[in-house]
Structure formats: structure tokens, C-alpha cells
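The values are calculated or read from the model by the stated rules, or taken from the named source; none is laboratory data. Note that the structure is predicted; figures quoted are calculated from it, not measured. Cβ coordinates were reconstructed from backbone atoms using ideal geometry, including for glycine residues, and neighbour counts include every protein chain displayed. The accessibility values were calculated without ligands, DNA or RNA, using every heavy atom of the protein model including side chains. Shrake-Rupley method; radii C 1.70, N 1.55, O 1.52, S 1.80 Å.
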Amino acid sequence: YFIQKLATTFGVTTLPEQWIYNTLLSHLRTKDTRVIHRVLKLFAGLPSQTGARPMLEFLDSSLSKNIIMWVSMAIRGEKIGEEDKPVPEEDEDLSDDEDEQDKLTDGKRERSANARLSRQKLQTTPRLDRIYKDDFDKLRQETIDHSKGSDMIELAESLCNASLWLDWGLAALERPEADIYLSILSRLMQGCSSFKTNTNSAFLSQLAYSEPLLEKIWRRTLHLLVNGDEEQSVLAFTIFADLFAQHLISLRDVDFLENYTTLNSSPVILAEAVIEKLKEQLYQLYWTQPVVASDFRVANDLPALRSRFFLSGTKLWNSLYERWCRLVRKSPFCDESSWWFPKLAIRDDDGAVFGGREAVPMDIEDEDDDDDDMSMNSVAQQDMENDALADTFKDPKMARLLSSIPQALPFDRRVKLFHSLLNSDKSNLQDEGAGVWRLMRMMNDENGLTGREQVQIRRDKLYEDSMEHLNKMGQRLKKKVRVTFINQHGTQEAGIDGGGVFKEFLDDLIKQAFSPQREEADTTPILFSVTPLQTLAVNMDIAGDIQSFPHFEFLGRVLGKAVYESILVEPQFCLPFLNQLLGKANSLEDLKNLDPEFYTNLMKLRELNSTELQGLGMAFELTVGNNKTIPLIPGGSSLPVTKQNVIHYVHLVAHQRLNVQGAQENKAFLRGFRDIVPASWVRLFSAYELQKIISGDDTIRGIDVASLRRTMEYSAGYHMSQPIMQWFWEVIEEMTPEQQRKFLRFMTSCSRQPLLGFQSLYPVPCIQQIRLDDDILASKDVEKLVPLPTSSTCMNLLKLPNYKNKELLRKKLMRAIESGAGFELT
């Protein structure tokens with residue numbers, strides 16, 4: 001009608017299409033869904049050619065809350081099909097007044113860094129994510145109840161066409177209408193704000209895979225950050241975070257390094273720059289001006305926009321960090337300090353943890369549950385674990401940070417906090433000298449978690465006796481355990497366990513239990529195998545053997561005990577297994593850390609053409625142990641692999657290898673491990689860092705002699721300036737790395753250097769003089785008469801005779817550390 005009136009007025013029969021587009025959309029203002037839909041059909045293709053401003057301004061003024069909510073549901077991945085269509089009626093539109101009424105524009109929501117906020121307001125990120133989702137779902141239901149028309153759904157489906165928004169974005173983002181485009185897109189994507197990635201949204205994926213669009217949004221974000229437009233910059237950064245996190249889901253590491261690091265001479269999106277800008281913004285949202293629970297609403301005011309960016313920014317930050325952890329050994333794309341929040345990196349942590357609180361273990365699924373993969377924890381359980389971790393820290397801001405983005409603190413600081421958690425738990429379970437109230441508690445302790453356990457272990461039956469005595473303890477293994485060794489002659493060894501004997505016992509047990517090799521007479525199952533990278537993974541040859549589950553549970557408990565007691569042990573695990581210890585699912589790129597050759601061959605399938613794939617005759621199935629073929633999806637055996645679905649096939653194969661195979665064994669291991677160490681505590685670390693917690697820093701060969709020398713104390717007449725001490729340190733420095741570790745084991749009962757350095761050892765290591773008679777020193781048979789050095793490992797004490805020369809000292813010390821005898825030697 002409008003076009004006919006224009007034609008009559010100007011006395012023409014045909015008007016230029018572009019002129020109609022510009023004139024019509026400049027004057028047309030409507031909220032009638034049928035008119036909006038008609039306009040989209042008529043002019044959808046024009047903006048990409050001549051500028052998107054008229055169309056975007058039209059949509060900005062025309063889209064009601066109901067329309068936006070329907071589009072948001074579709075973008076989030078919901079099917080808004082016939083099941084959502086009530087009886088057709090006219091659209092009940094929400095007026096502009098109602099839109100404005102729902103906006104809270106309180107400019108006083110910014111909070112100073114010194115404001116004291118309650119734990120209720122500063123809830124953990126999963127809880128805040130749930131608050132936002134609940135508000136979205138509430139509005140979603142209201143929209144379904146009040147907008148009853150097929151026209152609405154058809155319009156929503158048209159607006160959910162990612163190609164339109166891709167074209168409009170490429171046309172608009174370097175023009176004055178850029179902010180209008182981002183504003184509309186932000187409202188439509190409000191259902192996507194979450195700290196977890198969304199794998200169900202085809203809309204997000206299509207936009208995310210357009211590198212030109214990502215680059216334009218990033219440029220606009222940087223421009224807005226520089227020019228100080230807070231609301232618009234937060235809005236733009238949120239969109240970028242959602243899209244770039246989606247882009248990273250299926251991006252190979254090699255492509256990431258080529259496109260977003262300095263390997264590319266001039267990338268528009270430089271990963272290191274993204275991390276730096278994210279850190280600046282998240283530091284405010286987590287620390288200086290923290291968002292609070294009441295901010296998490298579906299709205300367009302600044303507090304609500306900040307809350308959305310809090311979720312989406314956290315998602316991208318963690319996605320980039322996981323990538324960095326996977327590449328840090330070979331191709332780190334930024335320095336480790338790039339992740340640290342300013343000032344927090346040097347803050348003192350004394351008193352950060354509430355004392356006297358016990359860890360509450362969380363159960364995981366039994367081995368007979370229906371899930372066949374390693375999706376270990378339900379959402380509710382993860383929320384409980386995060387809340388339990390947060391509740392242990394006095395500062396609620398620190399609690400939120402550590403349960404969401406722990407990498408914002410340096411590794412050594414997180415290690416200290418982890419040890420604080422352990423010590424707090426031990427104070428309840430291992431403190432035998434507490435008051436009467438603790439005695440009363442012991443009397444009422446049904447699980448017997450306080451006090452000390454005593455066991456006898458035959459050295460030639462180390463694994464069998466340990467399995468029999470320790471595994472049945474369950475959580476009681478957290479208590480102090482006093483070990484008495486029985487030698488091969490059936491008599492007790494003379495050592496008194498003040499802690500050192502147990503450390504030696506645990507070290508030997510773990511070496512034997514995790515070894516992939518067995519002697520002929522040894523009938524214990526081989527539970528772990530060696531990967532091509534010389535790391536340990538679950539032995540797939542016994543996968544599914546129910547009889548092995550108790551053994552895996554026992555090994556989990558034993559390794560948990562080593563971590564709980566801060567005893568560093570030898571096993572080096574593959575990163576996919578460590579991810580599962582952290583409760584994380586593995587992705588395709590993790591496969592190269594399990595079997596690089598299999599990963600390479602699998603990725604080659606993506607490069608084959610249709611004819612080559614057809615010639616292979618593959619289907620969506622996989623052959624596993626004992627030539628058993630399993631479908632990757634229902635009906636997969638009859639679904640051929642083609643050029644169109646080969647990427648899906650590759651991801652399914654990787655999922656099967658990394659998360660499904662060995663899932664029951666991993667769950668059994670986790671049950672044992674989490675009996676001792678709660679899951680949320682180890683999530684303070686990445687997989688690579690968890691390996692350090694287990695076995696120390698393997699980049700240090702042998703021991704750091706200079707550090708040990710600075711820490712060492714001397715007693716009974718020794719002093720660091722004496723010639724014998726100079727000989728001693730020269731001998732230690734001249735040892736091979738393996739000999740140095742043997743010496744450390746001889747003195748402290750642990751062959752691995754302490755994670756936080758020798759200064760963290762308690763008691764402080766000390767060399768005590770054992771004075772020899774002058775007659776012995778003057779004898780011709782002095783080498784035969786003088787005793788060997790001895791040690792008190794529970795005291796980190798080396799008892800060193802005052803040998804008369806360096807060579808004698810070397811021979812006696814080497815003989816002592818190489819003997820391999822038990823505690824009877826001392």
C-alpha cells in the first residue's frame with residue numbers, strides 16, 4: 001500500500017528497488033510480526049550490497065521482547081517447532097513502555113574494591129550461571145504463554161538465519177551502524193551467555209566459523225575499549241567471547257598456532273592480546289568491581305550486561321587456558337604470567353583457609369550406571385563441589401576466583417593454598433594431641449577417621465599385603481599410618497616409623513603397582529600400560545574386567561594418599577588420564593597426547609576427497625580390543641563415512657578412545673582417589689600442573705644442589721665452612737642425577753625434590769656429625785672400620801661420620817645410598 005501511494009504521488013509505475021528499501025525502512029515502524037516477516041523476505045539480500053543501516057534501524061525499533069525471546073530460544077539450539085505452537089491467535093505485543101519498565105538503569109551499581117560483599121551475593125560461577133539460566137527460562141515460559149501464533153515462530157525462524165546476520169555484520173561493522181548491529185545481535189544471543197560452551201547452536205557455529213566476522217567484531221571491541229564506551233564495549237566483548245569460544249571448540253592446535261599467534265606475521269586476532277584484554281576486564285568483574293547475584297538477569301542495563309560478560313568471558317578465558325596448557329611444553333603462545341591477575345600474584349595467603357574444616361568427599365557414579373563415558377559429575381554435583389571448595393576460603397571473592405579461574409593466581413601460590421586445605425583437613429584427622437572435645441569426637445566417630453592405623457607389610461609381598469590392609473580402610477587411609485616392615489627372613493625390621501618408613505613404603509608400593517612390567521612369579525594385574533610418549537595410561541587389555549575394578553580403586557586411594565601427604569612419587573601419566581582425574585572430558589586434540597600416530601592418521605581422513613573416502617569403505621563404527629566392533633552412534637554400522645560427515649566421524653572416534661574406552665576403570669580409580677582428595681581441590685590445577693603435584697617438576701634433573709645447600713642446617717659440631725662439608729657438597733654435585741635422587745631418598749625417604757623447594761621441608765634438612773675415635777681414624781684399616789652414614793628420614797636428618805678425606809666420604813656415602821637395604825641398615 002505504501003509503495004503504491006509513493007508511485008501514484010510521483011506519477012511513475014516502477015520505483016527503484018534500492019530507493020524503495022531506503023525510503024520504506026526509514027519511515028516504517030511496526031511491531032506486527034507479519035509485516036516484519038514480509039519486509040525480511042523482500043529486502044533481506046540488499047544490506048550486504050548497499051549498507052545495512054536501514055534494515056538494522058528497522059529491526060531495532062520493531063523487535064519486541066517476545067520476538068527476541070523466540071529468536072534467542074532458537075539460537076540457543078532449542079527446537080521451536082509445532083510442540084511450542086499454541087492455538088493461533090493474534091500476537092499479544094509488549095509495548096515500549098513495558099520494555100522500558102523491565103530495564104534497571106541504576107548507575108550506582110559500581111562497587112569499590114574495598115566494599116565488603118557477602119558470600120550470598122558473591123556466589124560461585126556455576127551458581128550464577130544457574131541464576132541467569134533460571135531467569136531466562138522464566139521469561140521463556142512467559143513468552144510461550146503470551147505469544148501464541150505461528151507467525152511469531154515463522155518470523156523467529158527467519159531471524160535465526162545465520163547467513164543474514166553474517167552478511168549484515170560484514171556490511172555493518174565498519175560503518176556507523178556497527179553498534180546497532182551489535183546491540184540487536186546481543187539481545188538475540190542472550191540465551192547463549194554461559195560459562196560453558198554450547199555445542200547445540202548451529203547459529204553460533206556458523207557465525208563463529210567466519211574469520212572475517214570475528215576479526216571485524218574484535219576490531220570494533222578494541223575500538224570501543226580504547227574510547228571508553230563501557231556499555232557498548234562490554235556488549236561487543238561478550239559477543240566476541242561467545243563466538244570465539246565457539247570457534248575454538250573444533251579448531252586444531254596447529255591451525256590455532258598458525259592463525260592466532262606470532263607464527264602468523266600479522267594476525268588480526270592475536271591470542272596473547274585477547275588474553276591480556278580479557279584479563280583486564282575479568283579482573284574488574286572478579287575483584288575490583290565484582291558482579292553480584294542480583295545482576296544476573298535477562299536485561300540490557302549495564303549491570304546485566306556485565307553479568308553476561310562475566311559468564312562469556314570466563315568461558316573464553318578457560319578455553320584459551322586449556323589450549324595453552326596443552327601446548328605449553330612445545331608451543332606456548334604467551335608467558336605463564338599473562339594469566340595472573342595484578343597484585344594477586346604477590347598477595348600473602350596466610351590465614352586464607354578456614355581452619356578445622358574437613359573435606360566432604362563426593363561420590364561418583366557406580367560402575368553399573370548407564371553412562372558409558374567419563375562425564376563424571378552431574379551439574380548439581382559440580383555445584384556442590386564448587387560450593388564446598390568456596391566455603392573453605394575466608395574471602396568470598398577469592399573463593400569465587402579459585403573455583404572458576406584458578407589460573408589467575410601463580411602456580412606456587414595455588415600449591416600453598418592446596419597445602420593449606422590439606423593441613424586444615426589433617427588437623428581434624430591426624431591431630432592426636434587435641435583436647436577433650438576431640439576425644440569425645442573420636443568416641444562418636446562412626447567411620448573411625450581420627451587417630452592412627454598400624455600395618456605390617458612383608459617386603460616380598462608388598463602389593464598383596466598393602467591391598468589387603470589398606471584398601472579396606474577407605475577414607476580412614478587419611479589417618480596417619482604406621483608401617484612395620486617384615487623382611488625376607490620373617491622378622492621385623494628395626495626402623496621405627498616416625499613418618500619416614502611410611503614414605504619409603506608408599507614410594508615402593510606405587511613404583512610396583514603402577515609398573516607396566518611384572519616378574520614371572522608376580523600374579524598381580526598389570527593395570528597401566530606405557531603410551532608411545534612413555535607415559536602411563538589405563539591398560540586396555542583388561543578393560544571391562546570386573547575383577548580389576550577393586551585394584552584400580554586401591555591404586556586411586558594410594559595415589560590420593562601420596563598427594564594428601566605431599567609425597568612426590570615416580571609415575572608420569574598421560575594428559576588424557578590427568579584430565580579425567582580433574583573430571584574433564586577429553587577432546588580430539590588431546591588424542592595426540594595419548595597416541596600421536598593414531599591422531600595423525602585420523603586427521604589425514606579429513607584431507608581425503610569423496611572418492612578416496614568411499615574407497616576405504618568405512619562406517620561409523622570402531623574396532624576395539626579382541627577385534628570387537630562397536631557402533632559410534634545408533635545404526636553406525638550401516639552409515640558410511642563421507643566427505644560431508646568425516647569431521648563428525650573423527651570426533652566420535654576420538655571421544656570413544658579418550659572418554660568411553662576404560663571409563664569404568666577410570667571411575668573406579670576416581671572413587672579411590674576422591675576418598676582421600678576431594679575433586680574440587682585438585683581442580684585448582686591444570687592437568688600438567690597436577691602431574692607436578694603428583695611427581696614434582698620433571699624439568700629438574702636430579703636435584704637442585706644449590707637450593708639444598710642453602711637450606712641445609714648443621715649440628716653436633718659441623719659447620720658449612722669446614723673442609724668435610726666442602727667435600728660433601730662436591731661429592732653431591734659430582735653424582736649423576738639418578739644418584740642424587742637416591743641420596744635424597746636415603747635422607748628424606750622421598751626421591752623427588754619438594755615442589756616448593758627444599759625450604760618447604762619440615763623438619764628442615766640437617767647434617768649431624770658422628771664423631772669417630774681418633775684410633776679408628778689413625779688405623780691402617782680405617783676404610784673397613786669406619787661406619788656408613790645413616791639417616792633418620794622422619795627428621796630429614798643425615799648422620800655423617802667425620803671422615804678424614806673426600807674419597808673415603810664418597811665411597812661410604814655411595815655405598816649407603818646404593819645398598820637398597822631397608823631400615824635395618826641404620
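Note down the accessible area of ARG308, probe 1.4 Å, to the nearest 10 Å².
Surface open to solvent at ARG308 totals about 10 Å².
Starting from the Cα of LYS584, draw a straight line to each of the lysines and keep only those under 17 Å, dropping any in the same chain fewer than 8 residues away.
LYS196, LYS315, LYS592, LYS667
Can you sort LYS742, LYS330 by solvent-accessible area, 1.4 Å probe, largest first?
LYS330, LYS742
Is the stretch 512-599 best put as rounded, prolate or oblate by its Cα gyration tensor, with a ≥ b ≥ c the root eigenvalues, rounded for a/c under 1.5, and otherwise prolate when a/b is larger than b/c, oblate when not?
On the way: a/c = 1.61, a/b = 1.22, b/c = 1.32.
Judged from the Cα gyration tensor, the stretch 512-599 comes out oblate (a/c at least 1.5, b/c at or above a/b).
Going Cα to Cα from LYS65, which lysines come in below 20 Å? Please leave out same-chain ones fewer than 8 positions away.
LYS31, LYS79, LYS85, LYS103, LYS133, LYS138, LYS148
Hey, if we sort TRP317, TRP727 by accessible area with the 1.4 Å probe, largest down, what's the order?
Accessible-area ranking of TRP317, TRP727, largest first: TRP727, TRP317.
Arranged from highest to lowest average of other beta-carbon atoms within 10 Å per residue, in what order do the peptides 585-595, 545-555, 66-76 appear?
Per-residue mean Cβ counts within 10 Å order the peptides as 66-76, 585-595, 545-555.
Scale the Cα Rg of the stretch 112-186 by the rule-of-thumb value 2.2 N^0.38 Å and send over the ratio, two decimals. Please list the in-between numbers first.
Details: Rg = 18.7 Å, N = 75, 2.2 N^0.38 = 11.3 Å.
Here the Cα radius of gyration is 1.65 times the empirical estimate.
Rounded to the nearest Å, what's the spacing between the alpha carbon centres of the stretch 681-696 and the stretch 770-822? Just the number, please.
When both Cα centres are located, 38 Å separates them.
Given a 1.4 Å probe and the protein chains all in place, what does the accessible area of GLU142 round to, in Å² to the nearest 10?
80
Hey, which lysines would be in cross-link range of LYS503, C-alpha to C-alpha under 22 Å, not counting anything within fewer than 8 residues on its own chain?
Here the lysines satisfying the reach criterion relative to LYS503 are LYS416, LYS426, LYS461, LYS472, LYS478, LYS479, LYS480, LYS511, LYS561, LYS692, LYS742, LYS799.
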